[in-house]
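Here the structure is laid out as structure tokens; the discussion comes afterwards.
The values are calculated or read from the model by the stated rules, or taken from the named source; none is laboratory data. These figures come from a predicted structure and were not determined experimentally. So basically every Cβ, Gly included, is an ideal-geometry build from the backbone, and we count neighbours across all protein chains shown.
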Amino acid sequence: MQTGRNRAAPLLWALALAAWCACALLAQRADGFCAGTAVYWSGTEGPSAAQLRRAEAQLAAGGRENLPRATLWRELGDQTVSQPGGGALRCDLLQCWGAAEDLLPLPLRAGFWPARGDTAGCAVDEGAAAALWGSADAVGRTLEWDGGRYTVRGVFRGDGGLVLVQGDPGLELPCGKLLLVFPEGGGREAAGAFLNAAGLAEGAVLDLPLLGQCLRGLSALPGGLLLVWIWALLLGRGRRLGGTPLLLACYLPAAVLCAGAALWAAGFPWTIPAQLLPSRWSDFSFWPRLLETHWARLTAFLAQSPGRRDVLLWPCALGVPLLAAAAGGLTALAARQTRGSTDGRCLAGCGAWLAGLSAAALWCACWDGGRLGGLALSRGMWLLPPLFLAVRRGLAVHAAALKPRGGHSHETQDRDSPGGASPQAPA
């Protein structure tokens with residue numbers, strides 16, 4: 001049984017690493033789209049570019065602080081863009097007023113995003129550039145749309161055939177989508193206050209910063225499980241030494257050091273969004289109401305017509321919980337199958353985990369010319385699994401040192417497993 005567990009553990013750790021990295025990558029990509037609060041209107045209820053500019057100027061003149069960086073846009077499908085005297089392309093087009101990099105936080109292949117007010121500038125994805133000019137090297141080229149000429153300022157990653165242009169700030173045409181990025185942070189409440197002060201109707205508002213925090217928390221689920229497991233192992237050993245005060249006093253300093261190291265590796269202190277905390281801890285109906293409220297807001301937002309930005313965000317946002325559950329389950333299984341048998345196996349396991357993480361980060365950075373934009377690995381991903389293996393091995397050595405000659409140390413190791421049953425003593 002011991003041999004079977006040791007053989008299964010490496011495979012489970014490898015699967016857990018792959019799922020954890022995939023979850024972190026999706027959370028990272030979704031986080032790029034969660035920098036601001038999104039507001040969607042239906043029909044012609046949204047503000048125009050000229051109306052938004054007047055409201056911003058009025059609020060700035062009134063001395064209002066924490067004004068957001070506002071990006072208004074509309075999405076136009078089945079548009080025809082062409083190169084002068086050349087071929088044409090049917091594609092989707094985003095006409096925006098504001099920070100294009102906030103609207104589409106995608107890696108640039110070349111060039112830069114057209115700035116706000118740059119009505120002669122545009123950006124195209126790799127697919128549109130290749131269809132129009134036969135190559136993704138399109139910076140400086142000219143395309144025509146709706147009677148106007150635009151110079152390509154940048155080429156961004158993607159092969160869906162998407163073009164982004166900066167609109168005329170004086171246009172009075174209502175637009176249905178707005179992104180608000182607050183310099184000092186802010187979510188739904190700050191967005192509602194800005195819309196009210198600007199005299200704009202409040203549409204379907206989605207607190208994207210809160211969504212990003214929740215996704216980052218879910219992506220850390222495997223590390224949280226390892227943190228709890230490490231603490232359970234350390235507390236379990238301390239409880240068994242409670243009857244021998246001298247041994248317990250010798251054990252406590254090392255246990256406290258390991259527990260603190262695990263807490264630091266997990267990223268403590270953690271930040272919990274204020275809107276997720278009740279004003280009174282005795283209010284047990286707070287969380288059901290909170291869940292019901294946010295679920296209603298989310299469904300109202302998803303009921304709006306999905307755009308290209310939503311198509312990029314929501315597959316990542318919905319994939320994070322699934323991969324987090326898979327990574328957490330695989331991590332728990334791998335931890336349960338792991339035994340601190342020898343120093344060599346412990347060192348080999350730590351080295352294999354660090355090598356696997358390095359290979360995953362390198363693959364994400366180099367795959368298809370960096371299309372994934374790289375993978376940012378958290379401190380917990382680097383440190384918690386090796387720390388778990390070290391603690392498991394240390395406790396095994398400690399148990400063997402306290403065992404009478406001829407004892408079987410694996411019995412104590414099995415008892416150290418959270419939820420593990422103690423094997424029967426030999427007859």
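Numbers at a glance
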read-out	value
Check on A24, part of a helix (DSSP H, G or I), buried (at least 18 other Cβ atoms within 10 Å of the Cβ) and assigned by TED's automatic domain parsing to the domain that holds F182	no
Every residue from segment 252-269 that is in a loop (DSSP other than H, G, I, E, B), surrounded by 10 or more Cβ atoms within 10 Å (Cβ to Cβ) and not aliphatic (A, V, I, L, M)	G267, F268
Residue match in segment 241-250 (condition: crowded, with 18+ Cβ neighbours inside 10 Å and assigned to a helix (DSSP H, G or I))	no
Unique residue being surrounded by fewer than 22 Cβ atoms within 10 Å (Cβ to Cβ), within 29 Å of L208 (Cα to Cα) and aliphatic (A, V, I, L, M) when the list is A120, A57, A130	A57
Failed condition for A355, given (1) modelled with pLDDT of 95 or more; (2) surrounded by 14 or more Cβ atoms within 10 Å (Cβ to Cβ); (3) small (G, A, S)	(2)
Selected residue [among the small types (G, A, S), part of a helix (DSSP H, G or I) and surrounded by 16 or more Cβ atoms within 10 Å (Cβ to Cβ)] from A296, A327	A327
Residues of segment 147-180 satisfying the condition of being closer than 17 Å to L89 by Cβ and either crowded, with 22+ Cβ neighbours inside 10 Å or touching a residue at least 60 places away in the same chain (Cβ under 8 Å) (or both)	R149, Y150, V152, V155, F156, G160, G161, L162, V163, L164, V165
Boolean, W287 is outside the structural domain of R188 (by TED's automatic domain parsing) and modelled with pLDDT under 90	yes
Hey, L215 at negative phi, in a helix (DSSP H, G or I) and touching a Pro at 6+ places or on another chain (Cβ under 9 Å) or not	yes
Residue count, segment 160-201 (criterion: among the aromatic types (F, W, Y) and in a helix (DSSP H, G or I))	1
